[in-house]
Number of protein chains: 2
Amino acid sequence: MQNGLVISLDGMGGDRAPHIVVEGASLARRKYPQAKFIIFGDEQKIGPLIKKHPGLEAVMELRHTPDRVTSEDKPSAALRSGRNSSMRLAIDAVGNGEAHCVVSAGNTGALMAMAKFVLKALPGITRPAIATYMPTKIAGQGVVMLDLGANVECSPKNLLEFATLGGVFSREIMKVAEPRIGLLNVGSEQMKGHETVKGAAELLDAATHLPGKYIGFVEGDDICSGTVDVVVTDGFTGNIVLKAIEGTAKLIGSLAKQTVLSSWLAKMGTVLSLPGIALALPAFISLKKRLDPRFYNGASFMGLKGLCIKSHGGTDAIGFANAIGVAAEMSLIQFNKKVAEELENMGIGSNQTDSPPLEDEISA
Amino acid sequence: MQNGLVISLDGMGGDRAPHIVVEGASLARRKYPQAKFIIFGDEQKIGPLIKKHPGLEAVMELRHTPDRVTSEDKPSAALRSGRNSSMRLAIDAVGNGEAHCVVSAGNTGALMAMAKFVLKALPGITRPAIATYMPTKIAGQGVVMLDLGANVECSPKNLLEFATLGGVFSREIMKVAEPRIGLLNVGSEQMKGHETVKGAAELLDAATHLPGKYIGFVEGDDICSGTVDVVVTDGFTGNIVLKAIEGTAKLIGSLAKQTVLSSWLAKMGTVLSLPGIALALPAFISLKKRLDPRFYNGASFMGLKGLCIKSHGGTDAIGFANAIGVAAEMSLIQFNKKVAEELENMGIGSNQTDSPPLEDEISA
């Protein structure tokens, strides 16, 4: 692998590719001037875009492929027939050591299936997980949650591994000295929940050298309250909860808009309401910025031997640049090396399987 | 049972009992002038409160008991030693036919355990569920979600029963002609999810005479989007999702407050910001009202032979009056009779058990 920071990009993934991919990389260079990129996709489309950004051509290598994975492709089909797709080639660049990490805004299921297949799980990790970070009620404090859908069913041991992965992310990327790790459950008392979550609590209670402090069960309203730094759950619950949180934020945004428009503009008259809107605007902009999903864009596939970051498919260049930022940070701090050290400390670094091989998962 | 509408009240349940219980009943009389109440609890405390509300004494019978269930009591302990508690006696009044429904703001686990024990499940219902209704993005349109924590693990058949209960609630109480019933999952494609949710989808696909239309899998962001009227899920996911939604709403409220205060008051100066606040106030009040949890207060324990409504423990008189309203509506439309008819139509009206007896649940 080249020294420094090499980021592999799926040039054709996402609703607004390749524009936002190229522009996002150009934006990300402001914060990571040392970054080099390898971008995969249609050279007719991507080539002219690269030329638009001064200096980008010198640090971005374009590799042509006409194939792409669409958002409708099933993971298994993408895995079988997408060997020359921009997504697969971008992942391969991490697998063969050319790049430190890959970023794609494409089909999540396909990306996960391909990343698992190409990159394989880290020793000691039986199931990789998807993680993201979100804002909390406390200014400047985020929360990491995993799994968000890679594993709809989990064993207690899977959840222990997720706690480790999330703890390392919180400590190394979010700079929390001793991350508070909580297990998502229907109550905080020990007797609550099903057997899996109780079993995971036992493992976490007994775990030594956890990258953080296990604080016990947390509930749904703890996720954004700032009382916990890492929220561990199975992929079924995590996926639904994440989407419910996003949906609620959208609901309130849309209600606020409806309400403001109907009360200010209609009831008070446009002219009278303008000073109010003008005065309220900075507050709304600041609030919107603090909740802006673009600034929380970039979900990590954790637990694989290579780093893979999934951007929201509908994001813009700012959001994509943020996903590149997550990839860059995880590469620069050598996330996987840190995870391996933690697993070694915990004495689970070489125990490879209590679950079926990863490939068996990709059946649909 | 007396004719009309008799509501049994746990006078001592909740953080602000008995005040909000008595005041809530007084408020509820405006909408339900025919309602009569039986209230259980400390007569020294409740008696004087009743006298404060003109006309209430004539329709509210006070039955003294010094015992109460606290928020710390474990369900099993409450069930064993709380036979003379205000909560238990209030439930007994429904069990012995004196009242049409019971409302309590007390300990949820104890209320559920006692209600199951005293009232028993309806024929055809293997597991009762907790349901609530919430606002959606569409003005005037709510959504019913269940189960919210009565059953941390569910069989496909349980989920089918929840769909029936929720469908009847949506149709009869929320007046949706043909409720759209969705199964909460990690994606909308048929292959998604674990075996339980796939099994439930098969049962729902095959179900005839469902009180509504099964529309397939829905995701977390569909809950509040207005695309579905009834969201069916297991109690583990439902409980966590509900609390996450509440937590997100609180987060945004608190961020909005922080942001507005810091930008208006600090940056612009108090005097300059006052007109802005004055102009924005009606909008904020209207928005707050539309999201006000008090107007969505009153979770139903569905699937029992008697009607039991749980109010938020921390609510005020307006919230408690709303919970009484849910109890009143369900009584007046004879909710359980409607459910029994639906189960009969679906051919599952007399099949009593595929799960262990209810009493086995109450082990903790």
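The values are calculated or read from the model by the stated rules, or taken from the named source; none is laboratory data. Note that the structure is predicted; figures quoted are calculated from it, not measured. Because the Cβ atoms are built from the backbone with ideal geometry, glycine has one as well, and the counts that use them run over all protein chains shown.
The residues on offer are B:THR208, B:THR237, and the sole one that is touching a residue at least 40 places away in the same chain (Cβ under 8 Å) and either crowded, with 18+ Cβ neighbours inside 10 Å or at the interface with chain A (Cβ under 8 Å from one of its Cβ atoms) (or both) is B:THR237. Of all residues assigned to region A:115-134, at least one qualifies as being in contact with a Cys (Cβ under 9 Å, 6 or more places away or on another chain), assigned to a helix (DSSP H, G or I) and under 19 Å from A:GLN334 (Cβ atoms).
Screening A:VAL102 with (1) surrounded by fewer than 24 Cβ atoms within 10 Å (Cβ to Cβ); (2) touching a Cys at 6+ places or on another chain (Cβ under 6 Å); (3) under 22 Å from A:GLY313 (Cα atoms) gives one miss only, at (1). Determine, yes or no, whether A:ARG180 is farther than 20 Å from A:ALA206 by Cβ and out of contact with any Phe, Trp or Tyr (no Cβ under 7 Å at 6 or more places or on another chain). When the stated conditions are applied, A:ARG180 does not pass them. Which residues, counting only those in region A:211-224, are within 8 Å of chain B (Cβ to nearest Cβ), in a loop (DSSP other than H, G, I, E, B) and either closer than 14 Å to B:THR237 by Cα or modelled with pLDDT of 95 or more (or both)? If the condition is that a residue be within 8 Å of chain B (Cβ to nearest Cβ), in a loop (DSSP other than H, G, I, E, B) and either closer than 14 Å to B:THR237 by Cα or modelled with pLDDT of 95 or more (or both), then A:GLU219, A:ILE223 are the ones that fit.
Yes/no per residue for (1) more than 23 Å from B:LYS137 (Cα to Cα); (2) facing chain B (nearest Cβ under 7 Å); (3) at pLDDT 85 or above; (4) in contact with a strand residue (DSSP E or B) (Cβ under 8 Å, 6 or more places away or on another chain):
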residue	(1), (2), (3), (4)
A:VAL232	yes, no, yes, yes
A:VAL241	no, yes, yes, yes
A:LEU251	no, yes, no, yes
A:SER254	no, yes, no, no
A:LEU261	no, no, no, no
A:TRP264	no, yes, no, no
A:PRO293	no, no, no, no
A:GLY298	yes, no, yes, yes
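Against the criterion of being at pLDDT 90 or above and more than 8 Å from chain A (Cβ to nearest Cβ), B:PHE320 qualifies. When you look at B:GLU189, is it under 21 Å from B:PHE295 (Cα atoms), within 10 Å of chain A (Cβ to nearest Cβ) and acidic (Asp, Glu), yes or no? It is false that B:GLU189 is under 21 Å from B:PHE295 (Cα atoms), within 10 Å of chain A (Cβ to nearest Cβ) and acidic (Asp, Glu). Does B:VAL228 satisfy the condition of being crowded, with 20+ Cβ neighbours inside 10 Å, more than 7 Å from chain A (Cβ to nearest Cβ) and outside any helix (DSSP H, G or I)? It is true that B:VAL228 is crowded, with 20+ Cβ neighbours inside 10 Å, more than 7 Å from chain A (Cβ to nearest Cβ) and outside any helix (DSSP H, G or I).
Residues of region B:64-87 that are in a strand (DSSP E or B) and closer than 15 Å to B:SER104 by Cα: B:ASP67, B:SER85. Residues of region A:1-20 include at least one that is within 18 Å of A:ASP316 (Cβ to Cβ), in a helix (DSSP H, G or I) and modelled with pLDDT of 95 or more.
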